[in-house]
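Structure, as structure tokens:
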Amino acid sequence: MKVPYLDLKAQYESIRGEVGDAIQQVLDRTAFAGGPFVAQFEKEFASFCGCSHAVGVGSGTEALWLSLLGLGIGPGDEVITVPNTFIATAEAISFCGARPIFVDVGEATWTMDPQRLEAAITPRTKAVIPVHLFGQTADMDPILEIARARGLSVIEDACQAHGAEYKGKPAGSMGDAGCFSFYPGKNLGAYGEAGAVVTSNEGLDRKIRMLRDHGQAKKYYHSLIGWNARMDGIQGAVLSVKLKHLPAWNEGRRRNAAIYDELLKGVKGVTTPKQAGYSKHVYHIYAIRVADRDRLIASLAEKDIQCGIHYPIPVHLLDAYKSLNLGTGSFPVAEKSAAEFVSLPMFPELSGEQIEWVVGEIRRNLGHSAVPIS
Ligand SMILES: Cc1ncc(COP(=O)(O)O)c(C=O)c1O
């Protein structure tokens, strides 16, 4: 049985009519760059995240970059984040002229270990970016407490966590800013590139709005040096349609994760993701850990089961960050997990039958007997 890692076509088929109508409206009004469809989505997404403002931008990377700029981060500053993230988190820091400083992640959660945060703070530290990896928020209370006590800004990298919760609070709503990617494969994905910053800080909202639009609040009266980082109208319209479906889609992912959890329970050699007690996980990625992951991925591929790796190399060991001189052994938990992660097929439309098939192949590969079908 063929099991894709992700099936964007299945989701598109379920909303084809609605999304087609929405795109047609943008075409009819020629509202292509920014404009009313982006503004409408911003209103809806701010409310979804429990924030008073949302600013639509061109990508999650821009959301992070403009948030840092908006908070006044610049050359000479240090920003603390984690090494097991997509490179964009660190790139945004570097693109402000600041230096990324990494702290290791927790063994059980794979997100920032708050106990290691304090030791990484220096007089140059200006901000902390916890990453809500795979759809689960970082343990925000201790992170916020340490950051607030030291006067540091907190930017949530919620690019993988649309609709996730921490103690009932929406991802993105707890820090000074929350940054989202709407890359097509995300839980809330555009039909192109897009991102957003959510915040309840009116001044920050205003500044990021200007930064994304060449530093202008009024056309051609540029008071800052900004950039062109506007969301386009078609993405705004598509995202408004898709946002209505997001809670059901997230429930579909949670249901599928529960099936994986159940079927993989007790399978020796497999570590399944843990939903922390504080968390509502939305399983953007369902990653397991296995020691010989290359062999497992190859054997699944032979059976037409597609997997991913997020991410094979932690950021501090990437060639792009060689200049930081952080060798192997700097962040042992992130390094070991990066060597063992296998992202299994995960999307709302994935069927129980497909999951049983995937787990059956995993068990066979690891030398277990067949999956007990309940
Ligand atoms: C954790 C994380 N941060 C940042 C980004 C960057 O988002 P984008 O690809 O929309 O620029 C991503 C997207 O893959 C991500 O997963």
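Restricting the search to the range 263-284, which residues are of a type in the set (D, E, K, R) and either under 19 Å from the mean Cα position of the chain (by Cα) or within 16 Å of the ligand (Cβ to nearest atom) (or both)?
Result: 274, 280.
Quick check on my filter: what residues within the range 59-72 are out of contact with any Asp or Glu (no Cβ under 6 Å at 6 or more places or on another chain) and under 13 Å from residue 212 (Cα atoms)?
60, 61, 62, 63, 64, 65, 66, 67, 68, 69, 70
Spot the failing condition for residue 26; the list is (1) in contact with a Phe, Trp or Tyr (Cβ under 9 Å, 6 or more places away or on another chain); (2) surrounded by 22 or more Cβ atoms within 10 Å (Cβ to Cβ), and only one is missed.
It fails just one condition, (2).
Before we move on, is residue 38 crowded, with 24+ Cβ neighbours inside 10 Å, in contact (Cβ under 8 Å) with a residue 12 or more places away in the chain, over 30 Å from residue 117 (Cα atoms) and of a type in the set (Val, Ile, Thr)?
yes
Looking only at the range 142-162, count how many residues are assigned to a loop (DSSP other than H, G, I, E, B) and more than 15 Å from the ligand (Cβ to nearest atom).
Number of matching residues: 3.
Residue-wise test of (1) away from the ligand (no atom under 15 Å from the Cβ); (2) modelled with pLDDT of 95 or more; (3) surrounded by 24 or more Cβ atoms within 10 Å (Cβ to Cβ); (4) of a type in the set (S, T, N, Q).
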residue: 46; (1), (2), (3), (4): yes, yes, no, no
residue: 58; (1), (2), (3), (4): no, yes, no, no
residue: 63; (1), (2), (3), (4): no, yes, yes, no
residue: 78; (1), (2), (3), (4): yes, yes, no, no
residue: 82; (1), (2), (3), (4): no, yes, yes, no
residue: 104; (1), (2), (3), (4): yes, yes, no, no
residue: 121; (1), (2), (3), (4): yes, yes, no, no
residue: 132; (1), (2), (3), (4): no, yes, yes, no
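Starting from the range 270-296, take each residue that is under 28 Å from residue 172 (Cα atoms) and list its partners that are part of a loop (DSSP other than H, G, I, E, B) and among the hydroxyl-bearing types (Ser, Thr, Tyr), counting only C-beta distances under 6 angstrom and pairs at least six apart or across chains.
Close Cβ pairs satisfying both conditions: 276/109; 279/137; 288/272.
Of the residues 186, 242, only one is within 21 Å of residue 6 (Cβ to Cβ), more than 13 Å from the ligand (Cβ to nearest atom), basic (Lys, Arg) and in contact (Cβ under 8 Å) with a residue 24 or more places away in the chain; which?
Just a single option satisfies the conditions, and that option is 242.
The values are calculated or read from the model by the stated rules, or taken from the named source; none is laboratory data. Keep in mind that what you see is a predicted model, and the values were worked out from it rather than measured. A quick note on method: Cβ atoms are made from the backbone with ideal geometry, for glycine too, and the neighbour counts reach across all protein chains shown.
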